[in-house]
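Here is the structure we will look at.
The values are calculated or read from the model by the stated rules, or taken from the named source; none is laboratory data. No experiment lies behind these values; they were computed from the predicted model shown. Please note: Cβ atoms are built from the backbone with ideal geometry, for glycine as well, and neighbour counts cover all protein chains shown. With ligands, DNA and RNA removed, areas are computed over all heavy atoms of the protein, side chains included. Shrake-Rupley method; radii C 1.70, N 1.55, O 1.52, S 1.80 Å.
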Amino acid sequence: MEPPRWYFRAASYGTLAFKVVASRPIPMTGANFRLLATAIVLFSTSTPYARSQTTTAPGHAVVLHAARLLDVKNGRLVKPGEVLVEGERIVEVGSGVKRPAGVEVIDLGDRTLMPGLIDAHIHLFLHPGAEDLQTVQESVPQRTITATLAARDDLMAGFTAERDMGTEGAGSADTAVRNAIDEGRIPGPRLRISGNAINILGGHEDAINYNPAQHVLPNATYANNAAELVTVMRQQLKEGADFIKIYETGPDAVRDGKLSTVYQYTEPELRTAVEEAARLGKRVAVHGTGEPGTLYAARAGVASIDHANQLGDETMRIMREKQIFAVPTFTIFEYFAEHAESPAQTAREHRMLDLKVQEFRKQVAAGVPMAVGSDVGPFPHGTQARELVLMVKYGMSPLAVLQADLLNGGKLLGWEGQIGALEAGYLADIIAVSGDPLEDIGAVENVGLVMKGGIVYRK
């Protein structure tokens, strides 16, 4: 007979609960009780989530008060700023809101209230280190634990909605993470997920430079023609994908001072994918770094071209016309340039970044629609607000970047009218930052409060 187990419910912080389990009865002597209590206190006060998260009961009215409130649509600050939240939604916004009976008032002092940040390009299943090795050496269950922790870190940094651009070989494990967040079982942002991305044999995310006899699996799912694209897409959507991620371009290079990259799918193949996704009310996003692949993607009508290192004049015209978003992902390029393995690699990465910046300035001047995505994963989760800082550094105003992040991000993720602004009827995804983000975009890197769906996760 299995020995009895003693369960001690140690603490509960909203959706986070933990238990201390003993494989056999523990005599509750004074010494053992003190040992158990000490372990509980150390755990509950040592994790960022446990230390800072509180919960708001359904229907419990809360007023958030701060020195400023960002009206992102009109590009202005309301002073002071207040938001009335009931349940998971915003009820009223202004310099002063009503105070229902029993309301809780949270005074955030000299901070700015603003919508929760949106990252349109993340990888929850990746962490810093050799990307090709971690996807081979680490099991899917291990990587799912990594993703769970990454989701928590992103939320605590103020990102209340994200688009995961591929599990990099972990299949549809992101479905479980998204669903657990939606069910309130683990903390994390609202997620749009794509499962495994799609790639050609020998393409950008294939396992190359390994012993072929080892049959190392790729980080994406193979589809080598239009028919195979449809088959793979149907399988991914069956397994829970919200959208489809396709690698449209392959390895990048700098030749004669210009960016160069090979395309992977033809325009008709991409159009087939876009039409199949649209049949089911879904969309396609592509990894697209340069021409002619970016042109093929724009003509096919994808939702976004991510990285967008190089966009030709015709590509930019089509993107303006069809409102296809470019997602620059500067942070990952900066990170790779600063963490290269050799001086030669460092020089190459810096050349790539310099050319990318030149192209970005052309895109901004041409009026290409922008969204904000960092490609976080290969660099630490929870640090990706750096992306907004870099987009300002390389040519956009703070307001334009905030509108790209919040308004365009809400559209790209399919939550327009639900997130991305502080307005009555919107979901109560709200953060408070130190300083004025319209004057100093770096304010978004100093988040003091995080509320998602009316629940305060960080205060």
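Some values worked out for this structure:
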{"read-out": "Crossing angle, helix 173-182 versus the chain [Cα axis fit, 0-90 degrees, rounded to tens]", "value": "40"}
{"read-out": "Largest to smallest accessible area among His121, His215 [probe 1.4 Å]", "value": "His215, His121"}
{"read-out": "In Å, descending, principal axis extents of the Cα set of region 377-450", "value": "33, 29, 25"}
{"read-out": "Two-decimal Rg/Rh across region 333-418, once Rg and the Kirkwood Rh are taken from alpha-carbon atoms", "value": "1.02"}
{"read-out": "Carbon + sulfur, % of accessible area of region 147-203 - ligands and nucleic acids excluded, 1.4 Å", "value": "49"}
{"read-out": "GluC sites (Glu not before Pro) lying in DSSP loop within region 227-284, provided at most 16 other Cβ fall within 10 Å", "value": "Glu239"}
{"read-out": "Solvent-accessible area, 1.4 Å probe, carbon plus sulfur percent, for region 303-459", "value": "48"}
{"read-out": "Computed [θ] at 222 nm, deg cm²/dmol, the chain (DSSP H ≥ 4; -39,500 (n - 2.57); rounded to nearest 500)", "value": "-10000 deg cm²/dmol"}
{"read-out": "Alpha-carbon centroid distance for the pair region 61-95 / region 132-195, whole angstrom", "value": "30"}
{"read-out": "Centre separation in Å (Cα based) which lies between region 357-416 and region 309-337", "value": "10"}
{"read-out": "DSSP bridge pairs, the chain: antiparallel proportion in percent, nearest 5", "value": "55"}
{"read-out": "P(r) weight above 23 Å for region 264-368, C-alpha pairs, percent", "value": "32"}
{"read-out": "Using a Förster distance of 45 Å, the FRET efficiency for Arg351-Glu439 (Cβ separation, nearest 0.05)", "value": "0.85"}
{"read-out": "Dipole-positive endmost among Val216, Ala424, Met352 within the chain (Cβ charges, Cα centre)", "value": "Ala424"}
{"read-out": "Net dipole in debye of the chain [+1 Lys, Arg Cβ; -1 Asp, Glu Cβ; about Cα centre; nearest 20]", "value": "1180"}
{"read-out": "Packing rank of 450-456, 178-184, where each peptide gets the mean count of other beta carbons within 10 Å, highest leading", "value": "450-456, 178-184"}
{"read-out": "Rounded accessible area of Leu201 (nearest 10 Å², 1.4 Å probe)", "value": "110"}
{"read-out": "Cα shape, region 218-307, gyration tensor, a/c 1.5 rule", "value": "prolate"}
{"read-out": "Accessible area per residue in Å² at 1.4 Å probe, computed on the chain", "value": "42"}
{"read-out": "With DNA, RNA and ligands ignored, accessible area of Met396 (1.4 Å probe; Å², nearest 10)", "value": "20"}
{"read-out": "Full-extension gain in nm, Val103 to Thr231, via 0.36 nm per residue minus C-alpha separation", "value": "40.8 nm"}
{"read-out": "Cα-derived Rg over Rh, computed across the chain with Rh taken as Kirkwood radius", "value": "1.00"}
